[in-house]
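The values are calculated or read from the model by the stated rules, or taken from the named source; none is laboratory data. For clarity, every value in this text was computed on a predicted model and none was experimentally measured. As a convention, Cβ positions derive from the backbone with ideal geometry for all residues, glycine included, and neighbour counts pool all protein chains shown. Remember, those area values only see protein heavy atoms, side chains included, never the ligands or the DNA or RNA. Shrake-Rupley method; radii C 1.70, N 1.55, O 1.52, S 1.80 Å.
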Amino acid sequence: MTTTLGFVGLGAMGGRMARRLLDGGFALHGYNRTPAKAADLVAAGMTLAASPREVAERAEAVFTMVTDDAALEAVTRGPQGIVAGLRPGAILIEMSTVSPAVIHRLAGDVAARGGALLDAPVSGSPATLEAGQLSFMVGGDPAVLERARPFLTAIGPTLTHVGPLGLAKSMKIAVNQGLAVQMLSFAESVLLAEKAGIARERAVEVLLKSVVASPMVKYRGPFVLGMPAEAWFDVDMIQKDLRLALDMARASAVALPSVSLTHELLTAAKGLGLAKYDFAVLFDVLAQMSGLPPSKKL
C-alpha cells in the first residue's frame, strides 16, 4: 500500500524535496502560500491542498520547509494549521532553519494530538539535493526516526541523529554560520590574488583545486564569476540564520567574531541594492571596497 505524505512549503528547496518524494513513489499532498508555484508538482502527480490543515488530515507524515519562526507558526497554528489536522500517530517532520525554542513549543501541541515531532534540517543546496547527496541532522525520538527513515532517505541518503528535539536545529545553525564565513574568506582570497595580478578566473580555478575547497565553496565559489539571477540562498535568509547563531552564542557565552563581521558586510550588500542575490554577493561588497569590479550578473 502506498504511503501518503504531506509537504508544506514548496519553495526552492521544498519543491525539489517534494519532487524526490514523488519520484520515490509516494502519494503526496502539498500546500504552498502561492499555489501557482506548485504547478509543476501538481503536473507531476501531487495533490494541491487548500490549507496546511488539509494536508495533515490526509497524510501519515507531514514535512515542513519554511523561511523562519513566524512562517512555521503560521502553517502549524490556528484552525487551518497542521496541528489542527494532524492524525493520531502521524509524524511532523520539521526541516526549516528555525530556533530550537519554536520546536520545543510545537512539540507539546503535536503530542497532545497523538502525533510525533522530528526536527530534521538539511545540509546542502539545490545542486546537492538534485544530485541525491543531501544530508539530514535529526533531533527527536530514535524510534520515530526509524519510522520516518524511508521518507527521509527518499530525499537524501545521510541521516545523523544528534539527540533530543531541538538539538538538530542548534546543529543546523552552527553549520550555516560557517557557510557565510567561508564565503567571505573565499572572496578575500580571490580579491587578494586579483590585486596581485592574477586573473579572477584563474584565481577561482586554483582555489577550487586547493585545500580550502569545501563542498560549499566548490558549488558557490564560481558565483563570483557569474552571479545567478535566481538566488539559492539570498541575503535576507542567510542573515536570519546568522542572527540565530549570534543569539545562541550570546545565550551560551560563545564568541563568534567572524559571524558578526559577516553579518554586517551582508547588511552592506543590502545597502548596495544586492539583497535579492545569493549571499555569495558578499564578494561584490569586498570588491567595491578593494577597487575591483563586481561579479557578472547572469
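Thr67 is checked against (1) more than 26 Å from Ser170 (Cβ to Cβ); (2) among the polar types (S, T, N, Q); (3) modelled with pLDDT under 95 and fails just one. What number does that condition carry?
(1)
Gly197 - would you say it is touching a residue at least 24 places away in the same chain (Cβ under 8 Å), out of contact with any Leu (no Cβ under 7 Å at 6 or more places or on another chain) and surrounded by fewer than 15 Cβ atoms within 10 Å (Cβ to Cβ)?
So Gly197 fails the test.
Condition check ((1) closer than 23 Å to Leu106 by Cβ; (2) at pLDDT below 95) across all residues:
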position: Val162; (1), (2): yes, no
position: Met183; (1), (2): no, no
position: Val204; (1), (2): no, no
position: Ser214; (1), (2): no, yes
position: Trp232; (1), (2): no, yes
position: Arg243; (1), (2): yes, no
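Filter segment 80-95 for residues that are assigned to a loop (DSSP other than H, G, I, E, B) and open to solvent by less than 30 Å² (accessible area, probe 1.4 Å); which is farthest from Asp68 (Cα to Cα)?
If we take residues in segment 80-95 being assigned to a loop (DSSP other than H, G, I, E, B) and open to solvent by less than 30 Å² (accessible area, probe 1.4 Å), then Ala90 is farthest from Asp68 (Cα to Cα).
Exactly one condition in (1) open to solvent by 40 Å² or more (accessible area, probe 1.4 Å); (2) of a type in the set (Val, Ile, Thr); (3) within 25 Å of Gly166 (Cβ to Cβ) is not met by Thr47; state its number.
Of (1) open to solvent by 40 Å² or more (accessible area, probe 1.4 Å); (2) of a type in the set (Val, Ile, Thr); (3) within 25 Å of Gly166 (Cβ to Cβ), only one is false for Thr47: (3).
Kindly evaluate Asp109 against the criterion of being open to solvent by less than 30 Å² (accessible area, probe 1.4 Å) and among the charged types (D, E, K, R).
no
Listed here are the residues, each with its yes/no results for (1) of a type outside the set (Val, Ile, Thr); (2) out of contact with any Gly (no Cβ under 9 Å at 6 or more places or on another chain).
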{"residue": "Arg20", "(1), (2)": "yes, no"}
{"residue": "Asp68", "(1), (2)": "yes, yes"}
{"residue": "Pro79", "(1), (2)": "yes, yes"}
{"residue": "Met95", "(1), (2)": "yes, no"}
{"residue": "Ile103", "(1), (2)": "no, no"}
{"residue": "Val110", "(1), (2)": "no, yes"}
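Of everything in segment 269-298 that's closer than 20 Å to Ala199 by Cβ and not in a helix (DSSP H, G or I), which residue is least open to solvent (accessible area, probe 1.4 Å)?
Once the filter is applied, the top-ranked residue is Ser295.
Conditions tested, residue by residue: (1) in a loop (DSSP other than H, G, I, E, B); (2) crowded, with 24+ Cβ neighbours inside 10 Å; (3) out of contact with any strand residue (DSSP E or B) (no Cβ under 8 Å at 6 or more places or on another chain); (4) of a type outside the set (S, T, N, Q).
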position	(1), (2), (3), (4)
Leu10	yes, yes, no, yes
Gly15	no, no, yes, yes
Ala18	no, yes, no, yes
Glu57	no, no, yes, yes
Glu73	no, no, yes, yes
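Which of the following residues is open to solvent by less than 10 Å² (accessible area, probe 1.4 Å) and either more than 21 Å from the chain's Cα centre (by Cα) or closer than 22 Å to Lys240 by Cα (or both): Leu134, Leu179, Leu152, Leu165?
Step by step, each of Leu134, Leu179, Leu152, Leu165 is checked, and only Leu134 is open to solvent by less than 10 Å² (accessible area, probe 1.4 Å) and either more than 21 Å from the chain's Cα centre (by Cα) or closer than 22 Å to Lys240 by Cα (or both).
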